[in-house]
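Have a look at the structure below before the remarks.
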Amino acid sequence: MSNVQILSDVSIFYPGANISSILNVGESIYITSPSSQYVFSFSNSSSSNPSIFESLKSGISIPQYLTYSVTDSSMFLYDVNNGLYKVNASGSLQNLTNPIASVKYIQSFLGNIYMLDPSSGVMYVANKNNGYKVSKDFTSPILKGSKSFAVDGNIFVVDSSGSIERFYANQPTPFNITNQEAMEYPLGEVSYIYDNMYTNDIFIVDPSHERVVVLQKPAINATDTIDYKFVKQYVYLGSDSKIFSHIDYIDISSDGSSLYLVSGTKIIKVSV
C-alpha cells in the first residue's frame with residue numbers, strides 16, 4: 001500500500017513519551033502522552049515535529065484519552081488525576097468531573113461522554129443535558145479487561161480476549177461479519193475498534209494479520225441489524241513491513257479521506 005505516510009515519531013523529539021490516544025480535528029492531530037504529562041499537536045497534512053499543546057500545558061496532570069463531540073464542536077479530555085475536561089474553542093480547560101474510578105477510555109455520542117473502566121467492568125456516562133453529571137450506564141463482565149470501545153448508538157467493545165462484543169440498550173446483542181470469505185482469513189485478536197454515529201463503516205485493527213479491516217454498517221432502517229459486511233482492508237507492504245503489526249489507536253478525518261494510526265510512538269497517515 002503506497003498511500004502511507006509517517007507524519008511524526010514522538011520519541012525522536014520527546015524521549016520516553018508514550019501515546020494513549022489520537023484525535024484529528026480540522027488541520028491538526030492531537031495525542032495524549034501520560035508519561036510526559038503533555039498533549040502534543042502537529043499538522044495532519046505533512047510530516048512535522050510534534051509540539052506541546054501550550055493551552056493545556058499547565059492544566060493537566062496525566063492526560064489519558066481524547067475524544068471529539070460534534071454536538072459541542074469541542075474536544076474532551078480525560079485526566080487520570082483530575083477527571084473529565086471540556087477543551088473550549090480558545091483551548092482553555094473546563095473541569096467537568098472529579099476522577100472516576102479507573103476510567104481509561106472515553107467516547108462521545110450525542111454530546112454525552114461515555115467513559116469505560118475496564119478494571120471493574122463499568123461504563124459511565126457524563127450527561128450533557130444534566131451538566132455532565134456522571135452516572136453508571138451499565139456493568140458487564142464483558143467489559144472487564146476490555147481494550148477499547150466505540151459508540152454509535154450501539155456500543156462495540158474489544159474484550160480481554162480480543163473479540164468484538166456488541167451492546168444495544170446496554171445488553172449484549174448479536175454481531176455477525178458477512179462476506180468473510182473475501183477477508184482471506186478470519187479476524188485475529190483485535191486490538192482496537194473505531195466507529196462513531198457519523199461514519200458508515202467500522203474500522204478494526206487486526207495486528208496479528210497486520211491490517212485494518214473495514215466493515216459496512218447496516219442501513220439505519222434495516223430490519224436485520226446484526227450483519228456487518230466486510231468491504232475492504234488496508235495492509236502495508238512497504239519497507240517497514242511490521243509497522244501494521246502493532247497499531248495501538250486509530251482515528252479518521254471528518255471527511256473520511258484519511259486514517260491516522262498510532263504504531264508505538266509513530267503517527268501514520270493512510271489516504272483512503
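What number of residues within segment 173-188 are exposed (fewer than 13 other Cβ atoms within 10 Å of the Cβ) and among the small types (G, A, S)?
Of the residues in that region, 1 qualify.
I need the full set of residues from segment 201-224 which are part of a loop (DSSP other than H, G, I, E, B), without any contact (Cβ under 8 Å) to a residue 24 or more places away in the chain and surrounded by 13 or more Cβ atoms within 10 Å (Cβ to Cβ), in order please.
Correct list: P218 only.
Just the residues that are within 12 Å of F40 (Cβ to Cβ) and in contact (Cβ under 8 Å) with a residue 40 or more places away in the chain, please, taken from segment 52-71.
Residues satisfying the conditions are P63, L66.
Could you please let me know if G145 is assigned to a loop (DSSP other than H, G, I, E, B), touching a residue at least 24 places away in the same chain (Cβ under 8 Å) and in contact with a Pro (Cβ under 6 Å, 6 or more places away or on another chain)?
On the way: assigned to a loop (DSSP other than H, G, I, E, B): yes; touching a residue at least 24 places away in the same chain (Cβ under 8 Å): yes; in contact with a Pro (Cβ under 6 Å, 6 or more places away or on another chain): yes.
When the stated conditions are applied, G145 passes them.
Taking V231, is it in contact with a His (Cβ under 9 Å, 6 or more places away or on another chain), surrounded by fewer than 18 Cβ atoms within 10 Å (Cβ to Cβ) and farther than 24 Å from K104 by Cα?
Spelling it out, it is not the case that V231 is in contact with a His (Cβ under 9 Å, 6 or more places away or on another chain), surrounded by fewer than 18 Cβ atoms within 10 Å (Cβ to Cβ) and farther than 24 Å from K104 by Cα.
Filter segment 136-172 for residues that are among the β-branched types (V, I, T) and under 19 Å from the mean Cα position of the chain (by Cα); which is surrounded by the fewest Cβ atoms within 10 Å (Cβ to Cβ)?
Filtering segment 136-172 down to residues among the β-branched types (V, I, T) leaves 139, 142, 151, 155, 157-158, 164.
Okay, now just the ones that are also under 19 Å from the mean Cα position of the chain (by Cα), so 142, 151, 155, 157-158, 164.
Numbers: I142: 16, V151: 23, I155: 25, V157: 24, V158: 22, I164: 20.
Out of the qualifying residues, it is I142.
Yes/no per residue for (1) under 22 Å from S160 (Cα atoms); (2) in a loop (DSSP other than H, G, I, E, B); (3) at pLDDT 95 or above; (4) under 18 Å from the mean Cα position of the chain (by Cα):
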site	(1), (2), (3), (4)
Y65	yes, no, yes, yes
N81	no, yes, yes, no
L84	no, no, yes, yes
T97	no, yes, yes, no
S120	yes, yes, yes, no
M123	yes, no, yes, yes
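Checking N49 against (1) in contact (Cβ under 8 Å) with a residue 24 or more places away in the chain; (2) over 30 Å from V272 (Cα atoms); (3) outside any strand (DSSP E or B): exactly one of these is not met. Which one?
Unmet for N49, out of (1) in contact (Cβ under 8 Å) with a residue 24 or more places away in the chain; (2) over 30 Å from V272 (Cα atoms); (3) outside any strand (DSSP E or B): (2).
What are the pairs with Cβ atoms under 8 angstrom where one residue, in segment 159-187, is under 20 Å from K147 (Cα atoms) and the other, located anywhere, is surrounded by fewer than 13 Cβ atoms within 10 Å (Cβ to Cβ) and modelled with pLDDT under 90? Sequence gap at least six, or different chains.
Qualifying pairs under 8 Å: none.
Identify the single condition in (1) farther than 19 Å from S253 by Cβ; (2) outside any loop (DSSP other than H, G, I, E, B) that M75 does not satisfy, given that it satisfies every other one.
The single condition M75 does not satisfy is (1).
Before we move on, is I202 more than 18 Å from G145 (Cα to Cα), modelled with pLDDT of 95 or more and out of contact with any helix residue (DSSP H, G or I) (no Cβ under 6 Å at 6 or more places or on another chain)?
Spelling it out, I202 is indeed more than 18 Å from G145 (Cα to Cα), modelled with pLDDT of 95 or more and out of contact with any helix residue (DSSP H, G or I) (no Cβ under 6 Å at 6 or more places or on another chain).
The values are calculated or read from the model by the stated rules, or taken from the named source; none is laboratory data. Everything numeric here is computed off the predicted structure, so don't read it as measured data. Cβ: placed from backbone, ideal geometry, glycine included. Neighbour counts: every protein chain shown.
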